[in-house]
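Below you'll find the structure, written out as structure tokens, and then a few comments.
The values are calculated or read from the model by the stated rules, or taken from the named source; none is laboratory data. Because the structure is a prediction, the values reported are computed rather than measured. Counting neighbours? That spans all protein chains shown, and the Cβs are built from the backbone with ideal geometry, glycine included. For accessibility, only protein heavy atoms count, side chains too; no ligands or nucleic acids. Shrake-Rupley method; radii C 1.70, N 1.55, O 1.52, S 1.80 Å.
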Amino acid sequence: MKLNSMTLQLAAFGVAASLFFFAGCGGGGASTTGTTGTTGTSTGLTTGTTTGTTTGTTTGTTTGTTTGTTTGTTTGTTTGTTTGTTTGTTTGGTSGSIEGTVRSFDGVTPVVGAEVSIPDRSREKVNTDSDGKFKFSNLPAGSYPVSIKSGKFTRSVNVSITSEQNLTIPGAQTQLPTDPAAGAPKIAVVTGDYDRMEDVLAKVGFGPVSDIGRAIADGTQKYDVYRGTALNISGGVYAGLVDDLINNTITLSNYNIIILNSGMTSTAFGTTPSTVAAKLKAWVEAGGALFATGEAYRFVEQAFPDRIDFFGDDAKAASEVENRDSEVGEPYSSLAADVDDVNTRAALKGAGALNSSDMLDLSASFPAWVVVNSASGTGAATILSANVPFTPLGGSLTNATKPLTVIFSAGSGKVLYSSFISPTVTSPSIRPQERLLSYFLTGL
């Protein structure tokens with residue numbers, strides 16, 4: 001069997017001293033120029049003929065044990081420079097594999113497009129497929145750190161494989177974390193009268209769910225809650241009031257993701273909208289992720305007026321709030337929505353959240369919900385859409401296909417707006433739309 005010069009050089013990297021000696025003394029004319037630093041033990045047999053010239057500089061430290069046999073003939077010229085440090089144990093010339101499935105914090109929904117890498121092997125980087133699966137092949141026996149990243153969620157796990165072993169990492173070790181200490185982002189939730197994303201977070205693992213489906217139990221949730229309503233609807237477990245969060249640049253900087261529930265209020269926003277909008281915009285552009293639902297669209301519209309076209313009077317200045325002109329959606333008892341984003345559709349299908357037509361069933365809405373005309377701004381994309389009923393101010397009942405969820409990037413951050421909501425329910429079970437709302441977090 002003939003091996004090219006690069007193959008033999010790599011296979012015998014751990015026995016570099018003996019190979020170079022063999023090439024210089026018995027190879028018939030090969031020469032080596034460079035500096036090699038090698039620490040370790042090499043045991044094995046090298047048989048063959050090496051003819052050619054190797055020119056370059058190898059700088060680095062290799063620590064470990066290499067055991068194996070290399071037989072063959074190498075002819076050619078290798079020129080280059082290698083710099084780096086490799087630490088670990090590699091045994092034999094055979095290879096194995098590492099694979100697994102990345103799932104959302106609910107332990108059910110596969111995460112599509114998550115980045116999985118082996119940092120010690122810079123070329124080993126893949127994205128999870130439509131089932132959330134990944135695989136690294138042709139790996140020598142040894143120990144490997146595997147890193148997972150999806151949006152602002154990260155997770156690391158150390159694994160080891162033996163010669164020719166095909167290892168599947170247990171699902172509990174590749175599930176996205178909910179605890180900031182384990183790689184989850186720092187999340188703040190502002191309460192609202194019509195939506196309860198804090199319940200959704202609790203249902204998918206961010207905190208306990210009480211007997212009536214509520215999320216907050218004595219402050220044990222893994223996110224901070226700010227009071228955004230006149231009523232104390234969350235048991236009094238608050239990190240502060242909404243204005244303490246969105247009108248304070250220092251407080252904003254403490255969080256990676258901020259969720260604004262539909263029906264929230266803000267005295268700061270009502271009196272100085274441009275100031276609050278500017279602070280939110282700066283926070284997003286610096287890398288923050290803003291997730292707003294329902295009536296909280298006003299915060300998105302003020303901070304990013306050109307990214308989403310909300311229903312209303314187009315004659316108004318971009319900096320003006322629509323003054324509820326967008327809240328013209330008619331109530332519905334149920335609605336089948338198209339999942340326009342391919343990766344999101346694959347994830348929800350994998351979680352069994354879609355109906356037989358691969359659409360997402362939404363439960364009843366409140367009256368006067370917010371209607372989006374289009375995701376017309378630069379970089380804005382529609383994730384969910386449906387044929388919806390609405391009555392424009394001074395107009396008649398109309399049905400038309402409109403975006404229900406839109407996402408866009410701004411600077412180093414992202415903004416996601418959802419016109420549909422998840423009001424309080426009395427069951428801890430996860431409804432399809434709640435599955436989707438929680439999955440949104442993995443892409444922010």
If you take the residues in the stretch 409-426 that are hydroxyl-bearing (Ser, Thr, Tyr), open to solvent by 50 Å² or more (accessible area, probe 1.4 Å) and part of a loop (DSSP other than H, G, I, E, B), which one is modelled with the highest pLDDT? Ser412
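Could you tell me whether Gly171 is touching a Lys or Arg at 6+ places or on another chain (Cβ under 7 Å) and of a type in the set (Gly, Ala, Ser)?
The answer is yes for Gly171.
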Of the residues in the stretch 343-363, those that are without any contact (Cβ under 8 Å) to a residue 12 or more places away in the chain and under 19 Å from Ala114 (Cα atoms) come to Lys349
Of the numbered conditions (1) at pLDDT below 90; (2) open to solvent by 70 Å² or more (accessible area, probe 1.4 Å), Gln221 satisfies every one except a single condition; which is it? (2)
Filtering the stretch 396-408 down to residues that are open to solvent by 60 Å² or more (accessible area, probe 1.4 Å) and at pLDDT below 95 yields Ser396, Leu397, Asn399
What's the number of the only condition in (1) in contact (Cβ under 8 Å) with a residue 24 or more places away in the chain; (2) assigned to a loop (DSSP other than H, G, I, E, B) that Ser137 fails to meet? (2)
Would you please list the contacts, defined by Cβ atoms under 6 Å and residues six or more apart or on different chains, that run from a residue in the stretch 155-167 that is closer than 12 Å to Ser117 by Cα to a residue that is assigned to a loop (DSSP other than H, G, I, E, B)? Arg155/Pro177; Arg155/Gly183
So Ser356 ticks every box in (1) modelled with pLDDT of 95 or more; (2) touching a strand residue (DSSP E or B) at 6+ places or on another chain (Cβ under 6 Å) but one. Which box is left unticked? (2)
Taking the stretch 304-345 only, how many residues are surrounded by fewer than 17 Cβ atoms within 10 Å (Cβ to Cβ), modelled with pLDDT under 90 and among the small types (Gly, Ala, Ser)? 6
Inspect all residues belonging to the stretch 381-388 and state whether any of them is modelled with pLDDT under 90, open to solvent by less than 30 Å² (accessible area, probe 1.4 Å) and either on the phi > 0 side of the Ramachandran plot or not β-branched (Val, Ile, Thr) (or both). no
Scan the stretch 154-165 and tell me whether some residue there is at pLDDT 95 or above and assigned to a loop (DSSP other than H, G, I, E, B). no
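Kindly establish whether Thr405 is outside any strand (DSSP E or B), touching a residue at least 12 places away in the same chain (Cβ under 8 Å) and either hydroxyl-bearing (Ser, Thr, Tyr) or on the phi > 0 side of the Ramachandran plot (or both). Show your work before the answer.
On the way: outside any strand (DSSP E or B): no; touching a residue at least 12 places away in the same chain (Cβ under 8 Å): yes; either hydroxyl-bearing (Ser, Thr, Tyr) or on the phi > 0 side of the Ramachandran plot (or both): yes.
It is false that Thr405 is outside any strand (DSSP E or B), touching a residue at least 12 places away in the same chain (Cβ under 8 Å) and either hydroxyl-bearing (Ser, Thr, Tyr) or on the phi > 0 side of the Ramachandran plot (or both).
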Of all residues in the stretch 121-159, count the ones that are of a type in the set (Ser, Thr, Tyr), open to solvent by 70 Å² or more (accessible area, probe 1.4 Å) and either more than 21 Å from the chain's Cα centre (by Cα) or closer than 22 Å to Lys349 by Cα (or both). 1
So, in the stretch 160-188, how many residues would count as being open to solvent by 30 Å² or more (accessible area, probe 1.4 Å) and on the phi > 0 side of the Ramachandran plot? 1
Only listed residue being over 30 Å from Leu437 (Cβ atoms) and in contact with a strand residue (DSSP E or B) (Cβ under 6 Å, 6 or more places away or on another chain), chosen from Glu198, Glu124, Glu99: Glu124
